[in-house]
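J.: Okay, handing you the structure first.
The values are calculated or read from the model by the stated rules, or taken from the named source; none is laboratory data. This one's a predicted model, so the numbers in the text were calculated from it and none came from an experiment. As a convention, Cβ positions derive from the backbone with ideal geometry for all residues, glycine included, and neighbour counts pool all protein chains shown. Ligands, DNA and RNA are stripped out before the accessible areas are found, and what is left, the full protein with its side chains, is counted by its heavy atoms. Shrake-Rupley method; radii C 1.70, N 1.55, O 1.52, S 1.80 Å.
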Amino acid sequence: MKKILSADQIVTEALMLLNEAGIDGISTRKIAKQLGVEQPALYWHFKNKDRLLQAMAEAAMQTHWNFPLPEEGQDVKTWLINNLKSFRHTLLLYRDGARLHAFHVPGDDSGRLEQKISFLVGQGIDENDAKLALMTASKFTVGFVLEEQQEGSLTELNRRSQFFIADKEHMYERGLELILSGIISE
C-alpha cells in the first residue's frame with residue numbers, strides 16, 4: 001500500500017531536516033527517505049526543490065505573520081520595533097532561517113503589508129518613506145540574522161569594533177533605532 005503524503009507533511013519534515021542539517025543539507029532524497037517514500041512522491045506536491053524551499057520559507061514565517069497588526073493610537077516606533085523583533089525571532093527559529101528567507105522570500109499577504117503601510121501613513125509618514133522604512137528595517141533584520149546564524153561572526157565583529165556590545169539583542173535593537181530615527185521623529 002502506498003503512503004499518501006500531504007504538502008504540509010513534506011514541509012514539516014523538510015523544516016525538521018533544515019534544523020538538523022542546515023540549508024545546504026536539504027535534499028529531496030533525504031526528505032523522501034525520512035518520510036519513508038520514494039523521491040518522486042515529493043514531486044506530486046512540489047515540482048522542484050526550489051518550490052519546496054519556497055513553501056518552507058512561507059511555513060517558517062507563520063509565527064511572524066501572526067504578530068498583531070498595528071492599532072490606531074499605538075506608538076509607531078514601539079510597534080515597528082516589536083514587529084521587527086518578532087521577525088528576527090521567527091528567522092532564528094530555524095537553523096539558516098535567514099538564508100531560507102533571503103533566497104526564497106515568502107509572499108507576505110499583501111493585505112497585511114498594506115495595513116502596515118497605511119498605519120505608518122496615518123502617523124504622518126510619507127507613503128514612500130513608509131515603504132522604504134519597512135524594506136530597510138526588514139533587510140537590516142535579515143542581514144543581522146544571517147551574520148548571527150554564521151557561528152561566531154558577530155563575536156568577531158564585536159571584537160574588531162571600537163566598542164563592545166555583548167548582548168546581540170541590544171545590538172539589534174540599537175541598530176533598528178538608528179535606522180528608524182531617520183524616518184520617525186520622536
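J.: Assuming Phe67 fulfils every condition listed in (1) open to solvent by less than 60 Å² (accessible area, probe 1.4 Å); (2) in a helix (DSSP H, G or I); (3) free of Cβ contacts under 8 Å to residues at least 40 places away in the same chain; (4) under 25 Å from Gln149 (Cα atoms) apart from one, which condition is it?
T.: (2)
J.: Could you count how many residues in the stretch 12-26 are among the small types (Gly, Ala, Ser) and open to solvent by 30 Å² or more (accessible area, probe 1.4 Å)? Step through it out loud before you land on a result.
T.: Just the residues of the stretch 12-26 that are among the small types (Gly, Ala, Ser), to begin with: 14, 21-22, 25.
In the following step, the residues that additionally are open to solvent by 30 Å² or more (accessible area, probe 1.4 Å) were identified as 21.
Number of matching residues: 1.
J.: While we're here: Of the residues Gln54, Gln39, Gln9, which single one is within 23 Å of Asp96 (Cβ to Cβ), open to solvent by 80 Å² or more (accessible area, probe 1.4 Å) and either out of contact with any strand residue (DSSP E or B) (no Cβ under 9 Å at 6 or more places or on another chain) or β-branched (Val, Ile, Thr) (or both)? If you could, list the steps in order and put the result at the bottom.
T.: Numbers: Gln54 fails: open to solvent by 80 Å² or more (accessible area, probe 1.4 Å); Gln39 fails: open to solvent by 80 Å² or more (accessible area, probe 1.4 Å).
Answer to the selection: Gln9.
J.: Let me ask something else. If you check Ala32 against the conditions, is it surrounded by 17 or more Cβ atoms within 10 Å (Cβ to Cβ), at pLDDT 90 or above, part of a helix (DSSP H, G or I) and under 19 Å from the mean Cα position of the chain (by Cα)? First the steps, then the outcome.
T.: Numbers: surrounded by 17 or more Cβ atoms within 10 Å (Cβ to Cβ): yes; at pLDDT 90 or above: yes; part of a helix (DSSP H, G or I): yes; under 19 Å from the mean Cα position of the chain (by Cα): no.
No, not satisfied.
J.: Another question, then. Considering the stretch 57-84 alone, what residues qualify as being over 12 Å from His101 (Cα atoms) and touching a His at 6+ places or on another chain (Cβ under 9 Å)?
T.: Scanning the stretch 57-84 gives Thr63, His64, Asn83.
J.: Among residues belonging to the stretch 35-87 that are small (Gly, Ala, Ser) and within 27 Å of Ile125 (Cβ to Cβ), point out the one that is modelled with the lowest pLDDT. So that I can check it myself, show each step before the final result.
T.: Step one: list which residues in the stretch 35-87 are small (Gly, Ala, Ser), which gives 36, 41, 55, 57, 59-60, 73, 86.
From the residues that got through so far, the ones that are within 27 Å of Ile125 (Cβ to Cβ) too are 73, 86.
Values: Gly73: 83, Ser86: 94.
Only one residue fits best here, namely Gly73.
J.: Let me ask something else about it. Only residues in the stretch 1-15 that are on the phi < 0 side of the Ramachandran plot and at pLDDT below 90 count as the first member; pair them with residues that are loosely packed, with under 14 Cβ neighbours inside 10 Å and not small (Gly, Ala, Ser), Cβ under 9 angstrom, at least 6 apart or cross-chain, and list the lot.
T.: Leu5/Trp44
J.: Now for a different question. Of Gln62, Gln115, which residue is exposed (fewer than 14 other Cβ atoms within 10 Å of the Cβ) and touching a Leu at 6+ places or on another chain (Cβ under 7 Å)?
T.: On the way: Gln62 fails: touching a Leu at 6+ places or on another chain (Cβ under 7 Å).
Residue meeting the stated conditions: Gln115.
Results for (1) among the acidic types (Asp, Glu); (2) within 18 Å of the chain's Cα centre (by Cα); (3) under 16 Å from Thr141 (Cα atoms), shown as yes or no for each residue.
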| site | (1), (2), (3) |
| --- | --- |
| Leu5 | no, no, no |
| Ala21 | no, no, no |
| His45 | no, no, no |
| Ala59 | no, yes, no |
| His64 | no, yes, yes |
| Ile81 | no, yes, yes |
| Asp96 | yes, yes, yes |
| Val105 | no, yes, yes |
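J.: Which condition does Gln74 not pass, out of (1) buried (at least 16 other Cβ atoms within 10 Å of the Cβ); (2) over 15 Å from the mean Cα position of the chain (by Cα), if it passes all the others?
T.: (1)
J.: Mind checking which residues of the stretch 92-126 are modelled with pLDDT under 90 and on the phi > 0 side of the Ramachandran plot?
T.: Gly124
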